[in-house]
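Below is one structure, written out as structure tokens; the observations come after it.
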Amino acid sequence: MDKPTVVAGPATAAADSAVSDFELMRAVASQDRNAFKTFYERYAPRLGSYLLKLLKRPERVDEAMNDVMLAVWQNADRFDPAQGRLLTWLLGIAHHKGLKVLRQAGRSRAEIPFDTLPPPVVDEAEEREDASQAVAPHDPERTVLGWELGRALTWALDRLSPEHRAVIELTFGEERSYLEIAEIVGCPVNTVKTRVFHARKRLARLLAQCGHGDFASARE
């Protein structure tokens, strides 16, 4: 059947979703720009959400996303569905590009004192979901405490090594298994477990410094 003219709307979205990841990546590998547009619409929000959790700064996310998309465009033919899911492969690319950005920003991060941090960046989708699940009335004191904890977490995460921060975000933010994380970051499963253990200990100490020792203990 001849390929129909691209028209915006539900029918086009349904047709795009019917294309398998394997077919989509083969088309991208052949430099099909329409396929790349479909790929971007399907996966960019998911990758952007992860990078925002990892990098915490929108301007850093833009830089990393550009690097990720260029890598996909140039290396789509390397995706092998026999080796795992496309999302895992993409998170591996995002992980390495995000680490590069984190390392470049590492020196300036270490020099930022906790008291001068701005409010933490929140994923808009998660913010809407949290709001829809809220059952208690607006509580100004609880809001302030939540903001202070969010700021403390941002400050503490900024002081983890890039490798430790990445496994924390993949474990708790992305809810990936240790096996998936090992594939994403390219190291043995036991190394992932060790990194998570030491990262949590480091976070607990940093949060205690900010007056959130109770929360840190609860996460242990």
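The values are calculated or read from the model by the stated rules, or taken from the named source; none is laboratory data. Computed from a prediction, not measured in an experiment: that's the story for all the values here. Don't worry about glycine lacking a Cβ; one is built from the backbone with ideal geometry, like all the others, and counts go over all protein chains shown.
Here are a few things to note about the model shown:
- Matching residues in the range 65-107 - criterion: being crowded, with 18+ Cβ neighbours inside 10 Å and of a type in the set (F, W, Y): F79, W89
- Any chance F172 is among the aromatic types (F, W, Y), closer than 23 Å to L47 by Cα and in a helix (DSSP H, G or I): yes
- When L145, L149, L157 are checked against the criterion of being assigned to a helix (DSSP H, G or I), modelled with pLDDT under 90 and touching a helix residue (DSSP H, G or I) at 6+ places or on another chain (Cβ under 6 Å), a single residue qualifies: L157.
- The residues of the range 175-220 that are at negative phi, surrounded by fewer than 15 Cβ atoms within 10 Å (Cβ to Cβ), at pLDDT 90 or above and assigned to a loop (DSSP other than H, G, I, E, B), listed by number, are S177, P188.
- Residues that are surrounded by 15 or more Cβ atoms within 10 Å (Cβ to Cβ) and over 24 Å from the mean Cα position of the chain (by Cα), drawn from the range 23-46: R26, A27, A29, D32
- Subset of the range 162-207 that is in contact (Cβ under 8 Å) with a residue 12 or more places away in the chain and hydroxyl-bearing (S, T, Y) - its residue that is nearest to K53 (Cα to Cα): T171
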